[in-house]
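The values are calculated or read from the model by the stated rules, or taken from the named source; none is laboratory data. On a predicted model such as this, the values are computed, not experimentally measured, just so you know. Every residue, glycine among them, receives a Cβ derived from its backbone with ideal geometry; neighbour counts consider all protein chains shown.
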Amino acid sequence: MNKKISFPIAITITVLCAVVVGGVAVWQYLSMPKEESLEGALGDETADWKTYRNEEYGYEIKYPKNWYSYTSNPADIYLQPEEEVPGAIPGPYANAFEVKITLISPDTTLLLAIQDDFKKERKEEISFSQENINIGGIDGLRIKTICEGVGCGAPEWFVIKDNYLYHFNSNLGYSGTFDQILSTFNFIEIKDETADWKVYRKEKYGFEIKYPNDWDSPIESGDTDALTGNYSGFFKEGNVLLAFSIDVYENDKNLSLKDWWEQEFYEKLNVKYDYSYEGVVSISPGIESAKYKLERAGFEDICYLISKNRKVYTIYFSVLPGVEEIQQMLSTFRFID
């Protein structure tokens, strides 16, 4: 005679079976070898790498521990596998991963900034392919030039942050290591060192600029200056050589900056120094200028020309130790209403 199992006992047996089967499944899963994630693998490979930190432009990046870094200019640094040898072929930093930073106008798109950069560097029209890429948490572009010859086809990477164009250049030494280096790039928070600086404001000519507390109050010539009608001189306290001037000239003929330089400025200099035109550069957000370099009695001078409302604003200084402080001051220059 068949004996029926009571309902409570059946429930208990069912639950015990489920627990046993589930436990076996969990044990099998935990015993399986796990596939290491790409992120984890990369993290292990770069764990003992060196870190380059750039406080001025707000980023840090890692590079292999047996590589070399060259950072004489914080806006243009090189990371490379070999020590730099002066005069070596094919040229300086040929195999380096380069991080170059330039100031651009606030309304410039990334693609336009790249095209402008190519024109300035290569002096010709260059075709290229593009691919979206995330750099330091911001959408950027991976570019490959379409051309023939040395250096063609090597990838370059670009991203914009706070009116700065960050250009990562592989030069002639591209390898997969460059991609790993780029993957470690991160933006960092930086302190505004100019926050407590003094402000010089010239209402008549509609501009202002900030200067450090250890600089003397600007010297003004007033409206009787024989040369310009307006002169503002800035001098480092205790160092009269570290200085720059802002002069304002009328441009009644509405000449281009190049023509104005040749006809109204250089032509009237008492001593004609050798000079070169360095192109159009941004000295501060939204302020573009024509840059000229002069060789004067063993010194190198820089002159920026800015055009606004039929006036030409010239900013002139000598390249001497500490000139980076002048460039930082110029980054605060702006026109006011």
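What the table below lists for this structure:
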{"quantity": "Qualifying residue in segment 11-29 (condition: in a loop (DSSP other than H, G, I, E, B) and either of a type outside the set (A, V, I, L, M, F, W, C) or modelled with pLDDT of 85 or more (or both))", "calculated": "no"}
{"quantity": "Any chance D179 is out of contact with any strand residue (DSSP E or B) (no Cβ under 7 Å at 6 or more places or on another chain), at pLDDT below 85 and not assigned by TED's automatic domain parsing to the domain that holds Q327", "calculated": "no"}
{"quantity": "Check on V280, surrounded by fewer than 18 Cβ atoms within 10 Å (Cβ to Cβ) and either part of a strand (DSSP E or B) or assigned by TED's automatic domain parsing to the domain that holds K120 (or both)", "calculated": "yes"}
{"quantity": "Members of segment 284-301 that are farther than 15 Å from I104 by Cβ and part of a strand (DSSP E or B)", "calculated": "A290, Y292, K293, L294, E295, R296, F299, E300, D301"}
{"quantity": "Test: residue in segment 154-168 that is under 19 Å from the mean Cα position of the chain (by Cα), surrounded by fewer than 16 Cβ atoms within 10 Å (Cβ to Cβ) and closer than 30 Å to A290 by Cα", "calculated": "yes"}
{"quantity": "Any chance V248 is without any contact (Cβ under 8 Å) to a residue 12 or more places away in the chain and part of a strand (DSSP E or B)", "calculated": "no"}
{"quantity": "Condition met for I61 (of a type in the set (V, I, T) and touching a strand residue (DSSP E or B) at 6+ places or on another chain (Cβ under 9 Å))", "calculated": "yes"}
{"quantity": "First in segment 93-119 and in the same structural domain as I133 (by TED's automatic domain parsing) and over 20 Å from S129 (Cα atoms), second anywhere and of a type in the set (G, A, S) and part of a strand (DSSP E or B), Cβ under 9 Å, 6 or more apart", "calculated": "T102/S282; L103/S282; L103/S284; I104/S282; S105/S282"}
{"quantity": "Test: residue in segment 175-184 that is in a strand (DSSP E or B), surrounded by 12 or more Cβ atoms within 10 Å (Cβ to Cβ), free of Cβ contacts under 8 Å to residues at least 40 places away in the same chain and among the acidic types (D, E)", "calculated": "no"}
{"quantity": "Filter result (part of a helix (DSSP H, G or I), surrounded by fewer than 18 Cβ atoms within 10 Å (Cβ to Cβ) and in contact with a strand residue (DSSP E or B) (Cβ under 9 Å, 6 or more places away or on another chain)) within segment 251-275", "calculated": "K258, E264, F265, Y266"}
{"quantity": "Residue in segment 205-222 that is out of contact with any Pro (no Cβ under 6 Å at 6 or more places or on another chain) and at pLDDT below 85 present", "calculated": "yes"}
{"quantity": "Residues within segment 83-109 that are out of contact with any Gly (no Cβ under 9 Å at 6 or more places or on another chain) and modelled with pLDDT of 90 or more, tallied", "calculated": "6"}
{"quantity": "Which numbered condition S232 misses (of (1) closer than 24 Å to P321 by Cα; (2) exposed (fewer than 14 other Cβ atoms within 10 Å of the Cβ); (3) at pLDDT below 90)", "calculated": "(2)"}
{"quantity": "Residue pairs meeting the criteria (Cβ under 6 Å; at least 6 apart or on separate chains; first farther than 20 Å from A297 by Cα, in segment 314-332; second among the hydroxyl-bearing types (S, T, Y) and in a loop (DSSP other than H, G, I, E, B))", "calculated": "T332/T194"}
{"quantity": "Identity of the residue in segment 186-221, assigned to a strand (DSSP E or B) and over 30 Å from the mean Cα position of the chain (by Cα), that ends up farthest from E60 (Cα to Cα)", "calculated": "E220"}
